[in-house]
Amino acid sequence: MAEVLKKHEIEAALHAEHQEISAGRLKEDNPFDSSELFWHFCQACRKGDLRVCQEKIQEGVNINARDKFDYTPLILLLLESGALCERDTFQGERALYNALNDRIRNLLLSYDYSKSRDPLQPLAAHITSLLYRDAPNTSDITITAEGREFHLHKFILSARSPYFAKKLAAAPGTTTWKVPTAIPPRALETAILALYFTEVQLDFSGSENDQALFSGIEKLAKDLEIEGLIDTLLEPNRRVARQRRTEEVERGRDQFNDWFERAVVGHQIHVDREKADDVKWDRENSIFADVLLCADLDPENEDEEVNARKPASKDPKVRNVNGPLNGIPIGPAGAEASRDASQTREKRKTVLFPAHRAMLLRSEYFSAMFSSPFREAQPSEHLPIVRVDCNAAVLQVVLKYLYTEHANFDLDVAVDVLFTADQLFIEKLKIKAAMIISTLGNGDASIVDADNPRGETDVEDVIDIYDVVRAGWDTRVHRLEEFGARFIAYRLERYIDEQAFKDLVTESANRIQGRQETDTVELIDDIRYHLSQRFRLRFEDSGFDQLVQEQEEAAQRQLDAAKADSAHLSGNTIDVVNVIDSTESEDFQTADTSATSGGGFAIRTLDGEVAGDEFAQDALNYQILLGKIDTLLEELQLDA
């Protein structure tokens, strides 16, 4: 473990940092943010409301900003999302000094926070790897300089360089390009590495070769419009250079996003499903696509498109008959209705997305497909069509992630994205989908739901929790299994009597091969644990446990004193315990009678019995729910 800086060293580093920022030589990693969006984000972080945190991150809040108290919202969710915690900054060291306990401090240190996690690094690393990947061959243009060849990709050059975008748009069939002889090959290599997100470091001396190299790089940077390349190469401060590289990667990601929206999404084709295989797309095309991905349009979206294309009629369709409208429509009205229904059935639409194999290689599924002797990997006159087992909206989400590292999608498609990512072996997208399901899927519930121990909710659940649990099993995402068990435990009274829940418990039991009588049911074990947490948090937050303990100790002292006082009385020993119990029983019966017969509000348990107060209600409900679980297991003949 690295040594933590002392206080005076932190102050000196803070002073030097402020001077660099004031001079404009250094960008502040944790800028002050007074926006309402960031304020709501910080409040959600303090309360542990993961759902709101996830929503604000998707809205684009700066997770590395600081509030008016100089605090940054640094929690586990934000670390997973790429939040910075630099050891040599004031905010970074303060995160350690102000850690509430050793667990939080060790958590920060476990992220090796002296090295910033760049969320765009996987995308940049993949683009760089394309320069050195031999199989499968995805390059479609060769650039030469003094006999040295560089096998590159037209769509990357067009997306990253306005110069190449203009040249290749005018001549998309270009396969070779030769730079002037005055440009050294190393200068061309430096420019290409910059376009492919590679971190370039050069040590310039005063030699003639270095001067020629610098002049060549400067000319290429100007001609190819590579912003900031010269400044980055000449920057002596490593922190400033790292910031500039981060900004360049972000700018490149935005360029790829623009290219994706313009070339891939903008050129998608909607055709009838039975005609999808007949689509012919030449390899020589203006967006340099080399494969077509095919997915069916979602039936709901398809119906909306069909209805939108139908012209609105001013006159309602009516049928004039001399009797009740209980027969089969005959005549023009019936024929037209039948024809509309037939057309609706036939118009099953499929969407074709033009794509680039170089980007699809981020998926292990496509990497294996294009590296094998399959038909899709063989050269052909027209682009091969690859069908993906998902709907078009989900496929667009997957493609956007592969091209831009962006994965912002709604909860209603999260489960489908999870299955598709698992099918295509895209682990990070699968984790992202699981995170969205487990955070947004809680509805209005936060990470600590002690204020709502009885499973009450103000909004209708937006997910099918049974499908989520099964998705966790099928995709081997333990996070979803835990989320499903916790979700059900906090609403168990709503699910315990449903047949679907019984089927889910049976499936959980059958997941153990060669099941023995002593084997437990994993789902039931998790539900029992979260059920105990649900009521324990209620008691701990209110201090009820401590109050009960104090009352028990006081009652014991009074009982001992009463016994001591009555010991010297002969023949008239008073049974203090029985007197106290009798008095308490009479008081409870009186309160019960007055609450129910007098028209007052009576607190009742899940089985309808009257409870003394809400704490007694929770304690009884907890036992009732445990009893229902045992009854369910007996009914299913399971021993857990």
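The values are calculated or read from the model by the stated rules, or taken from the named source; none is laboratory data. Worth saying up front: this structure is predicted, and the values here are computed from it rather than measured. Every residue, glycine among them, receives a Cβ derived from its backbone with ideal geometry; neighbour counts consider all protein chains shown.
Only a single item in (1) at pLDDT below 85; (2) in contact with an Asp or Glu (Cβ under 7 Å, 6 or more places away or on another chain) is not met by Gln201, and it is number (2).
For the structure I just gave you, tell me whether Asp416 is assigned by TED's automatic domain parsing to the domain that holds Phe370, charged (D, E, K, R) and over 16 Å from Leu360 (Cβ atoms). Yes; evaluated as a whole, the condition is true for this residue. Condition test on Leu202, is it surrounded by 16 or more Cβ atoms within 10 Å (Cβ to Cβ) and within 24 Å of Gly147 (Cβ to Cβ)? It is false that Leu202 is surrounded by 16 or more Cβ atoms within 10 Å (Cβ to Cβ) and within 24 Å of Gly147 (Cβ to Cβ). Scanning region 190-204 for residues that are part of a loop (DSSP other than H, G, I, E, B) and in contact (Cβ under 8 Å) with a residue 40 or more places away in the chain turns up Tyr196, Phe197, Thr198, Glu199. Scoring Ala187 on the criteria (1) in contact with a strand residue (DSSP E or B) (Cβ under 9 Å, 6 or more places away or on another chain); (2) surrounded by 18 or more Cβ atoms within 10 Å (Cβ to Cβ); (3) in contact (Cβ under 8 Å) with a residue 60 or more places away in the chain leaves a single failure, condition (3). Counted as qualifying within region 315-426 are the helices (runs of 4 or more DSSP H) with 3 or more residues that are modelled with pLDDT under 85 and over 17 Å from the mean Cα position of the chain (by Cα), namely 332-346. Per the listing Ala241, Ala263, Ala276, the residue uniquely farther than 28 Å from His382 by Cβ and crowded, with 17+ Cβ neighbours inside 10 Å is Ala241. Does Gln255 qualify as being in contact with a strand residue (DSSP E or B) (Cβ under 7 Å, 6 or more places away or on another chain) and surrounded by 13 or more Cβ atoms within 10 Å (Cβ to Cβ)? Answer is no for this residue.
Filtering region 115-164 to residues that are within 21 Å of Ala263 (Cβ to Cβ), among the charged types (D, E, K, R) and out of contact with any strand residue (DSSP E or B) (no Cβ under 6 Å at 6 or more places or on another chain) leaves Asp140, Arg160. Within region 513-536, not a single residue is aliphatic (A, V, I, L, M), at pLDDT 85 or above and exposed (fewer than 14 other Cβ atoms within 10 Å of the Cβ).
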